[in-house]
Amino acid sequence: EMARVRGSYQRAVRAPNLSELYTPQQVNFPSIPSGAPCEGVTIPSAAADLCVAQGIPLASLPGYTYPFTQVEGFSSGNPDLDAETADTYSVGIVLTSPFENEYASNLQMSIDWYSITVDDAITSISANTFIQRCFNDRGANPTYDPNNFYCGFFDRADSGDIINALEISTNAGKLEVAGIDMQLDWRAPIGPGTLGVNWLATWTDTYEITQYSGDGISDDYAGFAVGGVGTSYPE
């Protein structure tokens, strides 16, 4: 057979690990931009109403300042986590050499397209992200609702300072990856032995990470380095 078509569908489930479940609560001081939300808000406005709902007196808002670039918070696991689930689709073709020549008969090539979607992905949203998005960064809270998903990760003291910023594990995210895998195999008799070549390559079309699937805000990292080793996503 010169050509064969193949495909697959897989359903995967990953239970949270011990670290994600039971890492003890630790005090930390995550960084945020200077002039955190509520500094310089327009009055009246939905943003001002949100600041008041969080405990900042309306009379304090006109001259309210937030000089800190770190907030008091905690990081920990979460014993209430659910399992991640994933659906994987793939379809491809395997080509085998039709020639009988000893140098060409053992040549085979395969090309496969794949698509993987992970739902309820376990992630820890940074304080910088959930504070900014509580105040509608990237359209995450257009009504400035104090009960918005992101607003639930922090509190304010009577002074207006942000406290209890919770960078904890949560089933908030979604991961979508798609691309093409390629493989070439060839071998032939060379002198007293055999020479073999195996070539593997992949092309990443999409590597989308959604920190909270409820707001539909995603970032495609394909082709980008977003940190140190292990957080790069080459195409």
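Assorted remarks:
- Rg(Cα) / (2.2 N^0.38 Å) computed for the range 63-113, rounded to two decimals: 2.91
- For the chain, the solvent-accessible area with a 1.4 angstrom probe is 57 square angstrom per residue.
- Estimated purely from DSSP H runs of n ≥ 4, each contributing -39500 (n - 2.57), the mean residue ellipticity at 222 nm for the chain is -2000 deg cm²/dmol once divided by its residues.
- 15 Å tail of the calculated P(r), the range 29-123, as % of Cα pairs: 78 percent
- When the Gaussian network model of the chain links Cα atoms closer than 10 Å, the mean-square fluctuations of PHE29, PHE224, PHE149 top out at PHE224.
- Portion, in percent, of the accessible area of the range 1-148 that falls on carbon or sulfur, probe 1.4 Å: 54 percent
- Across the range 20-29, coupling constants 3J(HN,Hα) worked out from phi with the 6.51/-1.76/1.60 Karplus curve, θ = phi - 60°, read 5, 7, 10, 4, x, 5, 10, 6, 9, 9 Hz, and Gly and Pro carry x.
- The alpha carbon radius of gyration of the range 158-202, expressed as a multiple of 2.2 N^0.38 Å, is 2.88.
- Within the range 100-136: backbone nitrogen closer than 17 Å to the ALA188 label point (7 Å, Cα to C-beta): 100-109
- Efficiency of FRET between ALA59 and VAL27 - r from beta-carbon atoms, R0 25 angstrom, step 0.05: 0.20
- Structural descriptor for the range 95-235: relative contact order 24 percent, calculated from alpha carbon pairs under 8 angstrom and at least 6 residues apart.
- 5 angstrom amide H check on TYR233, placed H, neighbours 5+ away: GLY223, PHE224, ALA225, VAL226
The values are calculated or read from the model by the stated rules, or taken from the named source; none is laboratory data. These numbers come from a predicted model, not from an experiment. Cβ sites come from the backbone with ideal geometry, for glycine too, and all protein chains shown count toward neighbours. Quick note on the areas: whole protein, heavy atoms, side chains included, nothing else; ligands and nucleic acids left out. Shrake-Rupley method; radii C 1.70, N 1.55, O 1.52, S 1.80 Å.
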